[in-house]
Amino acid sequence: MLRLVASVALAGIVASTTLAQTGPQQTNSMNNPNGPNNSFTPAVGGVQEQAILQILRNLGINPQERTVNGQKSYLLTLERDGWRYVIELYFMRNPQGQITGYTFVSPLGNQVNTVGLQTASMLNVLEGNLIASPAFFYYRPADQRLCLVLSLSLQNVNVNDQLVRGDLDLLTLRIRETQRFWAPVVTTQSQVVSQPVN
């Protein structure tokens, strides 16, 4: 069950910087040769960070922990559908520190050339939000990146491989479906962004 939550986590994301971007390749790292672990019941006190990280490992993804400007996140790299996706994972927490949801952020292309940016190009990106929903486009001033963001609540949800894979499938699908809206805005492509592989 996907439920879009208020973008509480975006305040921390705005302050973060990254060199990661998304782009395509020809392998499917989402397939786990050992088979999926299809269920996970949250421990008393809510969803546990290590359990979600283990789910990602079960899906063939190696989360790499990093801290930027005091904000802890995990860098995920997926290669599938002819694309290489780079996705940042941020956990949303309540005042008691319990995980209440997560936010996936995927930098698209490279830095936005704000000097030569045409109004029509940005209006086109805004139009793309309709197709991107429940994800949305976000401009991150700290590193001048256009990102696609998907924030999800984990309250009253049984967190398992299928749920996390479904959320990643949705985000990667939206990245591909909206390429015509975001590609004209980014200046170049690099190996550290979500983008198609040539």
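General remarks:
- Segment 63-118 shape via C-alpha gyration tensor axes, a/c threshold 1.5: oblate
- Bins of 10 Å, starting at 0 and running to the largest distance - Cα pair percent for segment 99-165: 18, 42, 25, 12, 2
A short reminder: the numbers here are calculations on the coordinates, not readings from a lab. Keep in mind the model is a prediction, meaning the values are calculated, not measured.
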